[in-house]
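Coordinate-derived values only; no laboratory data. Here the structure is a predicted model, which is why all the values come from computation and not from measurement.
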Ligand SMILES: [Zn+2]
């Protein structure tokens, strides 16, 4: 664990750290449950099936299209497009396999600027070429389960008036 992870954990557990262990666990579960519900509500607001960070990355990549390259599109019958860049480099974008010979698309699982140029030229929807792992459908799988509250019996607790641990 690095310091950021520890600091995050401390911030997350701030008010729970002084609690007896059963209350610490219950408090932690409640916080996770609240976070799940928050994420579920946020997912319902997403347009285009991707989150705001992915939207930003797509917009950023789209900004690169046309600024650093000129391209000539070749055959589209195989789903492959050959691109000639201004520096005489040739690249191959394959929309059906979701690959580009620059390898950026395969690495990030988001269309690179070359793929975006092809997608834009063919008037296709860029969100159809974003990996499923970035889509709301993947988030829905992560957050589909509910966090259930726990009940306690005769366990210790902190008295709100005295801040003393009682019971147990
Ligand atoms: Zn590329």
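Some observations on this one:
- Based on DSSP H segments of at least four residues, each scored -39500 (n - 2.57), the chain has a per-residue ellipticity at 222 nm of -12500 deg cm²/dmol.
- The chain: most fluctuating residue of 136, 158, 25 per GNM, C-alpha cutoff 10 Å: 158
- Axis of helix 3-12 versus longest Cα principal axis of the chain: the two differ by about 50°, to the nearest ten degrees.
- Between the helical axis of 21-45 and the longest alpha-carbon principal axis of the chain there is an angle of about 30 degrees.
- Computed as a quarter of the hull surface, the mean projected area of the alpha carbon convex hull for the chain stands at 14.4 nm².
- Fraction of the pair-distance distribution of the stretch 1-45 above 16 Å, Cα-Cα pairs, percent: 50 percent
- Among 57, 38, 11: highest mean-square fluctuation, GNM of the chain, C-alpha pairs under 10 Å: 11
- Taking the chain as a Gaussian network of alpha-carbon nodes connected by springs under 10 Å, the highest mean-square fluctuation of the residues 104, 23, 12 belongs to 12.
- Cα centroid separation - the stretch 50-64 against the stretch 127-149, whole Å: 19 Å
- Size-normalised alpha-carbon gyration radius of the stretch 47-145, reference 2.2 N^0.38 Å: 1.13
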